[in-house]
Amino acid sequence: MNRFESLEALAAPIPIDNIDTDKILPGEFLKTVERKGLGRALFARMRYRADGSLNPDFVLNRVPWASAGILVAGANFGCGSSREHAPWALLDFGIRCIIAESFAEIFYNNCFKNGILPIVLAVPEISALRETVEDAGRARVRVDLVGQTVTYGARIELPFDIAEGRKRALIEGRDEIAETLSYRSTLLAWQQANCRELPPILLDVE
Amino acid sequence: MPSRTMYEKIWDAHAILEMDDGTWLLHIDRHLVNEVTSPQAFEGLRTQDRTVAHPELTIAVADHNVPTDNRDGPIEDPASRLQVETLERNVKQFKVPYIPLRSVRQGIVHVVGPELGLTQPGMTIVCGDSHTSTHGAFGALAFGIGTSEVEHVLATQTLRQRPSKTMLVRIDNALCAAASAKDLALHVIGTLGTAGGTGYVIEYAGAAVEALDMAGRMTLCNLTIEAGARAGMVAPDRKTFDWLRGRPNVAQGAEFDAAVKRWRALRSDASAKFDKTVIIDAQDVAPMVTWGTSPDAVVPIDGVVPDPENFSEQQRPQIRAMLEYMDLAPGQAIEGLPIDVVFIGSCTNGRLEDLAAAAEVVRGKKVASGVRALIVPGSGQVRLQAEDLGLDLVFRDAGFEWREAGCSMCLGMNPDRLAPGERCASTSNRNFEGRQGTGGRTHLVSPAVAAASALSGKIADPRKLDR
């Protein structure tokens, strides 16, 4: 997993609630067998016009936010489908941190698996942050996971909460599967004690 | 032992150990695998030289991408074909049981799992698909996961989880005859909001839930994710046991009786505490129709499109954007909106009971001219059973297309898509912008309302159709 300690990057404001994962990455782009290359399709329906040209009004098509590494969004970001293709597309585009009022659960979880830091801030804090980064000259934001702060503008420093375990996992960039497999004998013993023997799955028509 | 909710009982029975990051390793009883969210997980196993820990607890089927019109030749879309072929290669290499595309058992994984008796009370069930919540209808703990977690489950048959909060949604009284489980679910989402369930596992209880048949309970639990909760569940009862009895992969005879005894004990204790309780009156539920691009943007069919002015200042721009996308004006009546397409199917409403409810409305009538109407059964078995009842003829005679099983126009990954600007009455689960095709406009409805709308050429109340 990608590590995350701190990040200083341009932040793009997306002042919309309920950004669903269909919006982040539309269904037609799910037909891939790889993780990489989805950045091009990130927010496809907002980023491109019907003829395929860039929509000049969309924030990620404008200078300087086209090279943003942080998004500042609204409430319930990432709702809907469980597709991990959504965080893959964000990562491939270069987004490593999303600051929002709230996140949908599966998406929130998927972010950590990909080294993306989702940060929850209160509504007034987010509104002020969003307004500031709408100004191209003040769009640089610093995120420090170790100290749990977001810093922007004239040294405005916002503390944020994160579960200690999640924080450590991001900083260390753990391989969770390897970690779980290190308990292999415990798992086997548990399964032998607790699992009923199941016959092989029957797939034929009765 | 202190009193526990059903969720807590299932959690306790599957929690193996606590890790140092505050998560628990949870044993997974069933892992359902599809072609869209698994290729990268299998590839991960290969690059790390890992195996599937318990292929016998895993089942794979292609559903999202599959064509529903013609299965004679290879899949035409090369990208879709590659995903299905990749799944076929992976299940072969890792020895995972697989339902082939041309099998009569093929279908949407959330329809097929219960049909095969693979979904049972008290189980933990996961799948790389958010609508895995469907299986909670049997008193299982079932939820959607991302591809990294799919890989984790494949490699270890466990998942790292933090305990959820619990919410009781008690639905008192009886639904009126015209309201279905879909209408109830849309009403619940409208009440809770799309993020109202975030962080919770919902248990549905109360007279209206007990009265639902298993298909209805699956519809209700299926839509739980649209209120932000990952899992919804209903305590198993006699209906559940009757439904399971005799299915493949379900114990028989004395073993079945013993299982029923265990399943009965899953029910939340009478004094169990929920973190939150929401009480809903089923008599408030009418046939429902969504007007916006979020499933909580819903009104009764005799309602009108809301006025952005009646929302908070923060919400207003988004309500306006939804109305613009949907091409609707404040105060406009929902009933009577002209539609172009009707889609009946999906993991939400693609079961035999759903098709029967639609057929009852359709029988002897014709689809309005200019309307394209699709029936896509949730599984090959549903299709066969419907044909045995002659429902396919009811639909075909009326002018509906009768398709093979799959996810189809619910998310338009196969060729079944809306064209830009087309308006659709759909029994699926999401009305997000572009979900059914770029520029398409989705109104989520029950099978009966979808059927009535197909006949009328506009959003129609089945109670008002000429008999």
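The values are calculated or read from the model by the stated rules, or taken from the named source; none is laboratory data. Because the structure is a prediction, the values reported are computed rather than measured. A quick note on method: Cβ atoms are made from the backbone with ideal geometry, for glycine too, and the neighbour counts reach across all protein chains shown.
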Could you tell me whether any residue of the range B:49-72 is assigned to a helix (DSSP H, G or I), within 28 Å of A:E34 (Cα to Cα), of a type in the set (D, E, K, R) and in contact (Cβ under 8 Å) with a residue 12 or more places away in the chain?
yes
Determine whether the range B:139-158 contains at least one residue that is without any contact (Cβ under 8 Å) to a residue 40 or more places away in the chain, out of contact with any strand residue (DSSP E or B) (no Cβ under 8 Å at 6 or more places or on another chain) and part of a loop (DSSP other than H, G, I, E, B).
no
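Here is a yes/no grid of residues against (1) surrounded by 24 or more Cβ atoms within 10 Å (Cβ to Cβ); (2) under 27 Å from B:I28 (Cβ atoms):
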{"position": "B:A178", "(1), (2)": "no, no"}
{"position": "B:G193", "(1), (2)": "no, no"}
{"position": "B:V234", "(1), (2)": "yes, yes"}
{"position": "B:R245", "(1), (2)": "no, yes"}
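Just the residues that are on the phi < 0 side of the Ramachandran plot, charged (D, E, K, R) and either in contact with a helix residue (DSSP H, G or I) (Cβ under 8 Å, 6 or more places away or on another chain) or in a loop (DSSP other than H, G, I, E, B) (or both), please, taken from the range A:141-169.
If the condition is that a residue be on the phi < 0 side of the Ramachandran plot, charged (D, E, K, R) and either in contact with a helix residue (DSSP H, G or I) (Cβ under 8 Å, 6 or more places away or on another chain) or in a loop (DSSP other than H, G, I, E, B) (or both), then A:D161, A:R166 are the ones that fit.
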Hits in the range B:444-458 (condition: outside any helix (DSSP H, G or I) and either of a type in the set (D, E) or surrounded by 24 or more Cβ atoms within 10 Å (Cβ to Cβ) (or both)):
B:L444, B:V445, B:S446
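Given the residues B:D183, B:D172, which is the only one that is away from chain A (no Cβ under 14 Å), surrounded by fewer than 24 Cβ atoms within 10 Å (Cβ to Cβ) and in contact (Cβ under 8 Å) with a residue 60 or more places away in the chain?
The unique qualifying residue is B:D172.
In the range A:80-100, how many residues are within 21 Å of A:L129 (Cβ to Cβ) and more than 9 Å from the chain's Cα centre (by Cα)?
So in the range A:80-100, the residues within 21 Å of A:L129 (Cβ to Cβ) come out as A:90, A:93-100.
After this cut, where a residue has to be more than 9 Å from the chain's Cα centre (by Cα) as well, the list is A:93-94, A:99-100.
Going through the range A:80-100 one residue at a time, the tally reaches 4.
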Is it fair to say A:I177 is surrounded by 15 or more Cβ atoms within 10 Å (Cβ to Cβ) and either out of contact with any helix residue (DSSP H, G or I) (no Cβ under 6 Å at 6 or more places or on another chain) or modelled with pLDDT under 95 (or both)?
no
Please list, ordered by first then second residue, the pairs with beta carbon atoms under 9 Å, 6 or more apart or interchain, first in the range A:33-54 and on the phi > 0 side of the Ramachandran plot, second of a type in the set (K, R) and buried (at least 16 other Cβ atoms within 10 Å of the Cβ).
A:F43/A:K23
Please state which one of B:L355, B:L384 is out of contact with any helix residue (DSSP H, G or I) (no Cβ under 8 Å at 6 or more places or on another chain) and outside any loop (DSSP other than H, G, I, E, B).
B:L384
Of all residues in the range B:76-94 being assigned to a loop (DSSP other than H, G, I, E, B) and more than 11 Å from every other protein chain (Cβ to nearest Cβ), the one that is surrounded by the most Cβ atoms within 10 Å (Cβ to Cβ):
B:F94
Scanning the range A:174-206 residue by residue, those closer than 23 Å to B:P163 by Cα and of a type outside the set (A, V, I, L, M, F, W, C) turn out to be A:R174, A:D175, A:E176, A:E179, A:T180, A:S182, A:Y183, A:R184, A:T186, A:Q191, A:N194
Of these, B:D20, B:D63, B:D12, B:D72, which one is over 30 Å from A:L170 (Cβ atoms) and surrounded by fewer than 21 Cβ atoms within 10 Å (Cβ to Cβ)?
B:D72
Testing B:V111 on (1) part of a loop (DSSP other than H, G, I, E, B); (2) more than 12 Å from every other protein chain (Cβ to nearest Cβ), one condition comes back false. Which one is that?
(1)
